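Here the structure comes first, spelled out in C-alpha cells, and everything after it is commentary.
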Amino acid sequence: MKVAVIGAGTMGSGIAQAFAQCDAVETVYLCDIKQEFADGGKSKIEKNLGRLVKKEKMTQEAADAIVAKVKTGLNTIATDPDLVVEAALEVMDIKKACFKELQENIVKNPDCIYASNTSSLSITEIGAGLKTPIIGMHFFNPAPVMKLIEVISGANTPKETTEKVIEISKTLGKTPVQVNEAPGFVVNRILIPLINEGIFVYSEGISDIEGIDTAMKLGCNHPMGPLELGDYVGLDIVLAIMDVLYNETKDSKYRACGLLRKMVRAGHLGVKSGIGFYKYNEDRTKTPV
Ligand code: 3HC
C-alpha cells in the first residue's frame, strides 16, 4: 500500500511514521507546501526512531528501513497513493483546496481513498463539491503511540470507504472507533472542554499550574494534567476546537477561557513555541511559567 500524508507538522509526521512502521506499507509520501517543511517532518521521524534505537527497542537497520520508505516533497509527488491522509492546517479553505488539487490534478489512482485528520471540522463540508467524497481518519498525538483512530463518516462517505478505513486502521495496529459527524467528534468534544476548564481553574486562582496538573494526574490517573496536555496539543489547536464547538452549537458551555485566547494571541502556544503554561528547554525538561 502507498500512502500520502499531506502536511508534515507534528500530526503529519507522526501519522507518516505510524504508516512507515507498518509492514503492509511500501511507500509514504510526506508532503508539504515547501520541500524544507517536508524534510523537517522526516527529520522528526528519524529522531523519534533514533530514540527507540538508543533504548534498544529497535535495530538501526530497522529504523533505516522505515525512514527509507518516507519520500518527501510537494503535494505533486503523490501521484499513485492508495490512501491520502490530509493533516494540513485546521482551516476549511486550505483543506478543501488541498483535496481539490489532489483529485483534479495529481492523484492518478481512481480507487484512492481520501481521508482528513481534522480535529473538529465538518467532514461533509470539507468534502462538498469534490469528485470523490472524503472520510475522517482522526489520529491522536503522539500518532505512532496512541492506539485510537476515530473514523468519521460525512453525509456522502460511501459505506465501503468506511469499511476499508476501518480495515486499514486495524492493519496499522490501531483501534478504530466509528463516529458520526458532529463538532469535535467524540474525544475532542469531551477532552478539549476539560483542558479549557483547567485553564479557567488556573485563571480563577484555585490552584497553581503544577497543582492543577498533579491533581488531575493523581486524582484521575490521567497521563498528563490538563495544562500540560494543552501545551502538548498546542494551545492554538485547543482554542480553534473550542471555537468550532461554540460556533457550531452556540452553547455557552463551550466558551473559550479568556486566558487561553490571550496566550494564543501572545504566541504562547505550548511545546511548539517553547512556552505555554510551562517553559520548554532544549533538553526536553520543563518548568511552570
Ligand atoms: N513520537 C513517537 N513516539 C513517542 C513520542 C512521540 N512524539 N513521545 C513518546 N513516544 C513514545 C516513547 O518513545 C515511548 O516508547 P517506548 O514505550 O517504546 O519506549 C513511549 O511513547 C512512552 O514515552 P515516554 O516514556 O517518553 O513518556 P511517557 O510514558 O510519559 O508517555 C505520552 C508519553 C505517551 C505522550 C503520555 O504522556 C500520554 O499518553 N500523554 C497523553 C497524550 C494524549 O492525551 N494525547 C491525545 C491528545 S488529543 C489529540 O491528539 C487530538 C487532537 O485532535 C487535538
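Table for the structure above
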| read-out | value |
| --- | --- |
| Unmet requirement for residue 94, which otherwise passes all of (1) in contact (Cβ under 8 Å) with a residue 12 or more places away in the chain; (2) within 19 Å of the chain's Cα centre (by Cα) | (1) |
| Members of region 236-261 found to be aliphatic (A, V, I, L, M) and either within 11 Å of the ligand (Cβ to nearest atom) or more than 22 Å from residue 287 (Cα to Cα) (or both), listed by number | 237, 238, 239, 240, 241, 242, 244, 245, 256 |
| Lone qualifier among 149, 168, 135, 94 - being closer than 23 Å to residue 20 by Cβ and open to solvent by 10 Å² or more (accessible area, probe 1.4 Å) | 168 |
| Unique match (being surrounded by fewer than 15 Cβ atoms within 10 Å (Cβ to Cβ) and over 24 Å from residue 127 (Cα atoms)) among 101, 61 | 61 |
| Exclusive hit being of a type in the set (Lys, Arg) and either out of contact with any strand residue (DSSP E or B) (no Cβ under 9 Å at 6 or more places or on another chain) or open to solvent by less than 50 Å² (accessible area, probe 1.4 Å) (or both), set 159, 174 | 174 |
| Only listed residue being open to solvent by less than 20 Å² (accessible area, probe 1.4 Å), touching a Leu at 6+ places or on another chain (Cβ under 8 Å), modelled with pLDDT of 95 or more and away from the ligand (no atom under 16 Å from the Cβ), chosen from 84, 107 | 84 |
| Scan of region 64-74 for residues that are open to solvent by 20 Å² or more (accessible area, probe 1.4 Å) and of a type outside the set (A, V, I, L, M), ordered by number | 64, 69, 71, 72 |
| Leading residue by the ranking (farthest from the ligand (Cβ to nearest atom)) among those in region 138-176 that are assigned to a helix (DSSP H, G or I), in contact (Cβ under 8 Å) with a residue 40 or more places away in the chain and of a type in the set (A, V, I, L, M, F, W, C) | 168 |
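Residue-wise test of (1) within 19 Å of residue 207 (Cα to Cα); (2) of a type in the set (Lys, Arg); (3) buried (at least 16 other Cβ atoms within 10 Å of the Cβ).
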{"position": "235", "(1), (2), (3)": "no, no, yes"}
{"position": "243", "(1), (2), (3)": "no, no, no"}
{"position": "258", "(1), (2), (3)": "yes, no, no"}
{"position": "263", "(1), (2), (3)": "yes, no, yes"}
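The values are calculated or read from the model by the stated rules, or taken from the named source; none is laboratory data. Since the structure is predicted, the reported quantities are computational estimates derived from the model, not experimental observations. Here the Cβ is made from the backbone with ideal geometry for all residues, glycine too, and neighbour counts use every protein chain on show. Heavy atoms of the whole protein, side chains included, go into the accessibility calculation; ligands, DNA and RNA do not. Shrake-Rupley method; radii C 1.70, N 1.55, O 1.52, S 1.80 Å.
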